[in-house]
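The values are calculated or read from the model by the stated rules, or taken from the named source; none is laboratory data. Just so you know, these numbers come straight off a predicted model, no measurement behind them. With ideal geometry, Cβ positions are generated from the backbone for all residues, glycine too; neighbour counts draw on all protein chains shown.
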Amino acid sequence: MVNDSSQRPSPEQLLAQIQLEERRERRGKLKVFLGYAAGIGKSFQMLDEGRRRRERGEDVVVCATQPQYPAEIQAILPRLEVIPALKTGESESIDVPAVIRRHPQVALIDGLAYDNPTGSPNAYRWRDVEQLLEAGISVITTVNLQYLEKLRDEVERITGKRAPYSIPRGFLDSSADEIVVVDAPAIESLLHGATPADRAARLAEQHKLSRLRELALLVAASVVDHQLESYLRSHGVDQPWGVQERILVCVTPRSNAAEMLESGRRNADRFQGEFYVAYVQQPALSQEDRAILQQNLDYARKLGAQVEILSGLDAVDALLKFAHQKGITQIFIGHSMREGGWRRLWSNQVDRLIHSAEGIDVVVYPH
Amino acid sequence: MSSSIHINRDEEQTYGQSGRSQLKVFLGYAAGVGKTYRMLEEAQQLKRQGKDIAVGYFEPHGRKDTIAKAAGLELIPRRIVAYRGGTFQEMDTTAILSRRPATCVVDELAHTNLPGSERSKRWEDVQVLLDAGIDVMTSMNIQHLESLNDQVFQITGIRVRETVPDWFVKSATEVVMVDATTGALLNRLKRGNIYAAEKAQRAMENFFKESNLTALRELALRQTAHELELREIASASEERRPQQEPCGAPPSSPKATIDRILIYVCADASTAMLIRRGRRMADYLGADCFAVSVIPLRDHSRLPKQDRDAIAKHLNFARNLHVETRILEGDDAAETIVDFARSNQITQILLSRRNHSSWSRLFGTDLILRIVKEAKDIRVIIVSERRRSNYAPAHK
């Protein structure tokens with residue numbers, strides 16, 4: 001294993017790391033089964049894991065269930081201990097004090113995204129979970145994509161609907177130790193909802209579900225990518241190494257920026273990858289060039305790119321240095337449109353970039 | 001200037017359903033994530049619904065939970081094969097065909113049959129079952145997918161030999177990801193649920209390194225999303241839906257121009273990687289895809305024999321991945337390629353960073369730069385072999 005001493009963390013970082021680890025050790029662990037729709041098997045996978053853990057001797061307790069379960073889940077439930085939920089009219093909430101008194105190793109909570117009945121000590125179930133974790137009880141729970149605040153906009157773009165409640169951005173990022181995606185074909189889960197009568201509407205519904213399913217997989221992939229990165233970093237490896245695409249579009253005042261930027265955005269979206277745009281400062285730009293450049297950079301920001309203005313005597317060196325820092329996997333670059341001396345200079349740069357970008361794809365855009 | 005020799009055009013590609021039978025692939029990222037368990041669970045559900053289901057092959061690996069899941073399912077006896085003084089068991093495809101269940105469970109799709117078997121690969125046996133109208137549920141790991149062979153090698157340092165061609169997986173009705181956290185997987189390994197103790201220890205030092213597993217897991221998640229997208233693209237173009245605008249959902253990728261991809265085939269070993277990449281790109285874009293090589297005009301022997309052999313091997317590989325192939329004649333490879341690209345409306349040219357064959361070096365000019373210069377109106381992609389960083393397993 002390579003250990004680069006220049007990557008060694010500072011004492012302050014170490015201390016923060018230790019404190020975080022101590023807090024983590026006292027706290028229970030949170031594991032989340034993430035799915036894209038009701039009825040794809042999250043509950044089964046979670047409860048079945050609970051059963052296996054119990055049979056291995058872990059102290060596992062069910063604290064919240066869904067109102068209706070298919071046969072295969074009903075077969076598991078009798079093999080698990082259940083702490084009954086509190087009932088307030090129609091709605092149920094976790095009996096937090098009872099769970100803390102019982103203090104199991106693991107609490108199974110089917111359905112994380114619930115509001116508690118008015119008057120409950122905690123307004124939201126995720127706060128109950130937080131409390132259990134603080135008490136040192138590990139929690140395994142299930143959640144649907146559309147209830148994550150982080151993904152609300154994206155889900156709304158697909159379904160046209162906005163979920164009534166949500167799990168705040170910070171909760172999963174800081175609390176969840178592990179996320180498992182529960183995957184199943186869209187067609188099977190369709191049967192659970194109201195099935196529209198005509199074929200076109202049914203296909204449209206199925207198409208939406210497929211897109212949600214894809215989103216769930218890609219979200220899980222990017223969570224995993226971050227885990228990989230932090231694992232490598234904690235082992236003294238700085239260079240990003242996952243399978244995530246990181247795209248860098250190089251703009252100049254003269255490049256055909258719009259096409260490259262849009263294509264960069266699409267590529268980054270498709271892979272849930274990262275999208276950078278860089279410009280290397282050049283001396284003595286004309287008024288006109290400055291205006292075009294500004295336009296290009298504005299457009300890049302509008303498309304959500306992370307824009308970097310680089311400086312350096314040598315444009316190619318500056319770009320490559322930046323690319324290696326960020327672990328760029330693809331560089332987009334344009335042919336120059338301008339004739340004359342500048343053009344020769346630019347095509348030299350393109351040549352050198354192609355030659356030196358070892359380990360990175362170079363995509364040369366026509367104009 | 002250059003002439004085109006048309007060789008072995010692929011027979012009409014018949015992706016999608018083979019007959020009416022359904023193929024469902026359970027995709028995992030390592031042994032022990034729970035593919036077989038999940039598959040048997042589904043088989044049990046189908047059985048409860050009264051479906052006619054049988055297990056053609058499953059590999060219990062002595063795992064208690066998995067064996068319990070198979071209880072009550074009909075197992076079709078395996079074929080006993082004598083080979084080099086030992087006896088081995090293989091799936092009995094003939095027996096499955098005569099039993100003819102509606103659905104058959106076949107574990108370990110990437111398995112290579114013993115020499116002397118009727119077909120060399122299990123996926124070919126599965127193809128036979130599908131052709132006979134039997135639905136199949138099967139399992140495989142991400143590292144066995146042909147087009148990801150390079151990426152898996154870069155991640156793990158291990159060159160996987162048993163692969164399943166992408167077009168076969170693409171023909172599946174459904175690909176489902178079977179996920180587990182790497183932590184859970186390593187725990188299973190430590191408890192001895194996956195391999196016996198000694199093998200488990202070796203596994204953890206090699207393939208089952210946490211970093212490897214995490215990267216493979218990410219790869220599997222992305223591949224499943226990719227498979228899903230392919231099916232969406234296919235069904236969208238099949239349906240040619242009347243303009244429905246469901247609740248502000250953006251229209252599904254309107255495709256103005258059809259992309260056409262050219263993969264430049266040369267003798268260099270990196271060409272295999274280039275072909276895999278080109279195939280994946282074409283799948284994403286729904287694009288046409290050509291693998292094209294250039295040989296010297298008239299006197300082919302000016303190209304050294306080992307180069308000609310390597311090119312022939314690469315073209316053959318391209319055909320196996322269902323990429324159309326062409327051999328062009330010309331003394332200037334860059335010009336020949338660009339001419340071909342223009343007259344065939346190619347929109348993207350894929351080149352490997354390492355494209356030198358001893359012959360093209362004769363020109364003394366850099367082929368990549370010449371193509372980039374000539375093909376001003378075409379996107380040119382110079383593909384690198386993704387390097388493993390300095391973080392690498394101690395040995396392979």
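Structure summary
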quantity	calculated
Test: residue in region B:177-189 that is in contact with a Leu (Cβ under 9 Å, 6 or more places away or on another chain), in contact (Cβ under 8 Å) with a residue 12 or more places away in the chain, over 23 Å from A:Ser230 (Cβ atoms) and within 14 Å of chain A (Cβ to nearest Cβ)	yes
Residue, farthest from B:Val175 (Cα to Cα), within region A:222-269, restricted to residues that are at pLDDT 80 or above, surrounded by fewer than 18 Cβ atoms within 10 Å (Cβ to Cβ) and not small (Gly, Ala, Ser)	A:Glu259
Within region B:123-168, considering residues that are more than 27 Å from B:Met273 (Cα to Cα) and among the charged types (D, E, K, R), the one surrounded by the most Cβ atoms within 10 Å (Cβ to Cβ)	B:Asp125
Single residue of A:Ile187, A:Ile140, A:Ile158, A:Ile167 found to be free of Cβ contacts under 8 Å to residues at least 40 places away in the same chain, of a type in the set (Val, Ile, Thr) and in the same structural domain as A:Gly41 (by TED's automatic domain parsing)	A:Ile187
Close pairs from region A:306-332: first modelled with pLDDT under 90, partner of a type in the set (Phe, Trp, Tyr), Cβ under 9 Å, at least 6 apart	A:Lys326/A:Tyr276; A:Gly327/A:Trp241
Qualifying residue in region A:139-146 (condition: away from every other protein chain (no Cβ under 14 Å), within 19 Å of A:Lys208 (Cβ to Cβ), not hydrophobic (A, V, I, L, M, F, W, C) and not in a helix (DSSP H, G or I))	yes
Residue tally, condition buried (at least 18 other Cβ atoms within 10 Å of the Cβ), in contact with a strand residue (DSSP E or B) (Cβ under 8 Å, 6 or more places away or on another chain) and not aliphatic (A, V, I, L, M), over region B:31-49	5
Answer from B:Thr87, B:Thr66 - the residue that is out of contact with any strand residue (DSSP E or B) (no Cβ under 8 Å at 6 or more places or on another chain) and without any contact (Cβ under 8 Å) to a residue 60 or more places away in the chain	B:Thr66
Any hit, region B:217-230, residues being of a type in the set (A, V, I, L, M), without any contact (Cβ under 8 Å) to a residue 24 or more places away in the chain and touching a helix residue (DSSP H, G or I) at 6+ places or on another chain (Cβ under 7 Å)	yes
Residues of region B:319-335 satisfying the condition of being within 15 Å of B:Ser147 (Cα to Cα) and at pLDDT below 90	B:Arg319, B:Asn320, B:Leu321, B:His322
Strands (runs of 3 or more DSSP E) enclosed by region B:1-70 - at least 2 residues per element that are under 26 Å from the mean Cα position of the chain (by Cα) and modelled with pLDDT of 95 or more	B:23-28, B:53-57
Close pairs (6 angstrom Cβ cut-off, 6 or more residues apart or separate chains): at the interface with chain B (Cβ under 7 Å from one of its Cβ atoms) and touching a residue at least 12 places away in the same chain (Cβ under 8 Å) in region A:222-236, buried (at least 16 other Cβ atoms within 10 Å of the Cβ) and among the small types (Gly, Ala, Ser) anywhere	A:Asp225/A:Gly242; A:Leu228/A:Gly242; A:Leu228/B:Ala215
Complete set of residues in region A:196-221 that are facing another protein chain (nearest Cβ under 8 Å), over 16 Å from A:Glu274 (Cβ atoms) and crowded, with 20+ Cβ neighbours inside 10 Å	A:His207, A:Lys208, A:Ser210, A:Arg211, A:Arg213, A:Glu214, A:Leu217, A:Ala220
Test set (1) in a helix (DSSP H, G or I); (2) closer than 30 Å to B:Gly28 by Cα; (3) within 13 Å of chain B (Cβ to nearest Cβ) - A:Asp177 fails condition number	(1)
Selection count where residues are at pLDDT 95 or above and of a type in the set (Phe, Trp, Tyr), scope region A:127-162	0
